[in-house]
Every structure is written in structure tokens, then in C-alpha cells.
Amino acid sequence: MKKGKHLSYDERVLIRILLKDGWSANKIAREIGCAPNTVRNEKRRGTVSLYRGNVKRISDFDKD
């Protein structure tokens with residue numbers, strides 16, 4: 001990631017998921033190509049909230 005570039009929404013979501021999975025800021029930064037401090041700032045801000053409820057998916061095959 002180049003200096004001064006903003007994180008995309010997808011990158012923010014990925015950071016939140018990986019933090020939730022127990023990844024370190026340094027490992028996440030290497031994965032998405034940004035500075036570890038960017039990941040720490042995102043963690044502190046918490047700008048993306050992940051859905052914590054149960055999701056029930058219904059496909060066409062499940063219909064009777």
C-alpha cells in the first residue's frame with residue numbers, strides 16, 4: 001500500500017475479521033500491504049462492525 005492511501009471498505013472488514021481471529025497487527029499489515037500502525041489505528045477506531053447474529057440461508061434447493 002502506498003503512503004497516504006485510504007483503506008477500502010473491504011480492507012477494513014478484513015482487518016476486523018483477522019483481528020477477531022486473533023491475528024497480530026504486524027501479520028495483518030503484511031497480509032494487506034500497509035503499516036502495522038494503520039491496523040492498530042483501525043482497531044482503536046473500530047469503524048466497521050461485524051454482524052454477530054445467526055444467518056439462515058435458504059436456497060432454491062431447500063424449497064418444497
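Does any residue of the stretch 33-44 turn out to be assigned to a helix (DSSP H, G or I), more than 10 Å from the chain's Cα centre (by Cα) and among the small types (Gly, Ala, Ser)? No.
Can you pull out the residues in the stretch 5-37 that are of a type in the set (Val, Ile, Thr) and open to solvent by 50 Å² or more (accessible area, probe 1.4 Å)? Please lay out each step first, then the result.
Let us first name the residues in the stretch 5-37 that are of a type in the set (Val, Ile, Thr), namely 13, 15, 17, 28, 32.
Ile17, the sole residue that qualifies.
May I ask you to say which residue of Leu18, Leu50 is at pLDDT 90 or above and either out of contact with any Pro (no Cβ under 7 Å at 6 or more places or on another chain) or not in a loop (DSSP other than H, G, I, E, B) (or both)? Spell out how you get there, then give the answer.
Details: Leu50 fails: at pLDDT 90 or above.
That would be Leu18, the only listed residue that is at pLDDT 90 or above and either out of contact with any Pro (no Cβ under 7 Å at 6 or more places or on another chain) or not in a loop (DSSP other than H, G, I, E, B) (or both).
The values are calculated or read from the model by the stated rules, or taken from the named source; none is laboratory data. Since this is a predicted model, take the numbers as computed values, not measurements. FYI the Cβ positions are ideal-geometry reconstructions off the backbone, even for glycines, and counts take in every protein chain you see. Heavy atoms of the whole protein, side chains included, go into the accessibility calculation; ligands, DNA and RNA do not. Shrake-Rupley method; radii C 1.70, N 1.55, O 1.52, S 1.80 Å.
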